[in-house]
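The next block holds one structure in the form of structure tokens; read it before the comments.
The values are calculated or read from the model by the stated rules, or taken from the named source; none is laboratory data. The structure displayed is predicted, hence computed values, not measured ones. Using ideal geometry, Cβ is built from the backbone for each residue, glycine included, and neighbour counts are taken over all protein chains shown.
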Amino acid sequence: MYQRVLLVFNPDSHQSRKNADRASDVLSSMGVFCNRIEANSRESLKAFLSNSPDMLEMLRTQSCLLVVLASPGVMLNCVSIFGDLIEGAAGVYSMDHQSDVLMDFPFHEFMVHLPEVLMGLTPSDERTISIAELHNGINLSPHQIPFTSDLVISNSTLDGDFETSISFGRYGIAKFELNTFAVALPTGTTRYALSLGGPVVSPSLDCWTCVPCGQRPLSLRPFLLPQSEPLEITIHSSDKLFLLVDGQERIPVPPNAKLVIKKNPKPIRFLHPKSWNYFSDLQDLLNWQRLPI
């Protein structure tokens, strides 16, 4: 059973705040410890952690369930930042948000089945997160960048290519010029990577989907790599590039930088409603035609 619930809501949304009030009241009546966090950006979550050392220690010692009553972007931020501190996550949506592959628990159903959710008796699946190390070519500690959905390298001017080379483990894969390169976890293959022509990948697979975009050979298509070895991306360019992390945070890339992407050893367990089916979520999200069952 989860010992503590971390309740994250958007303070700018009346419905999100109202749902958080109701959920925290019910949790308190059940004798479950509940901490509320107002968050609508990655920076606000980082500030919460840095200003709450006692909370950080409690999260490390107690089994904690993350409940996000906000948008999918807030869920991505929460999982990336709290990933090593939580045992489970549930994305709860209300009438002012659409369901998503990460936010598939209707609020009313979540409240009805709250005791089962806390006991871990609802459907769930484990999904990996990754850590990108940004090396700037100087003998300094790399910048650690956790991500849950995708990591996109792009030219800030959007009208020029950059030269990059890709290696997997001890093996070089390719060297080419691009204007965008996306690395997506299975959870993120329905987002930016899909718009670049990448495939949709089941979250049960531990892989990275690499999607190049630009003036490239016709033979250079999106490709999948297992997460068993680090993925290295070396950028041979001094252009103004940036990383887009989970579609939420934009980080400048220094000239001739190198990215080393690794699988985080601790996966995240996502909790779902009783009727959950990943492909039904895709039908709703991508407007795929429903087939009779």
Subject >> Given (1) surrounded by 14 or more Cβ atoms within 10 Å (Cβ to Cβ); (2) at pLDDT below 90, index of the condition residue 157 fails >> reply: (1)
Original post:
Scanning the range 7-26 for residues that are in a helix (DSSP H, G or I) and in contact (Cβ under 8 Å) with a residue 60 or more places away in the chain, which turns out farthest from residue 76 (Cα to Cα)?
Top reply: 26
Subject >> Scope the range 258-270; condition under 14 Å from residue 131 (Cα atoms) and not in a loop (DSSP other than H, G, I, E, B); matching residues >> reply: 258, 259, 260, 261, 262, 263, 268
Original post:
From the list 84, 104, which one is surrounded by 15 or more Cβ atoms within 10 Å (Cβ to Cβ), among the acidic types (Asp, Glu), in contact (Cβ under 8 Å) with a residue 40 or more places away in the chain and farther than 29 Å from residue 235 by Cα?
Top reply: 104
Subject >> Of the criteria (1) among the β-branched types (Val, Ile, Thr); (2) in contact (Cβ under 8 Å) with a residue 40 or more places away in the chain; (3) closer than 22 Å to residue 251 by Cα, which one residue 200 fails >> reply: (3)
Subject >> Residue selected from the range 153-203 under the condition small (Gly, Ala, Ser) and part of a strand (DSSP E or B), by the criterion farthest from residue 235 (Cα to Cα) >> reply: 184
**OP:** Among the candidates 255, 273, single out the residue that is under 27 Å from residue 88 (Cα atoms), in a loop (DSSP other than H, G, I, E, B) and of a type outside the set (Val, Ile, Thr).
**Re:** 273
**OP:** Consider residue 76 carefully, then state whether it is surrounded by 24 or more Cβ atoms within 10 Å (Cβ to Cβ), farther than 26 Å from residue 262 by Cβ and out of contact with any His (no Cβ under 8 Å at 6 or more places or on another chain).
**Re:** no
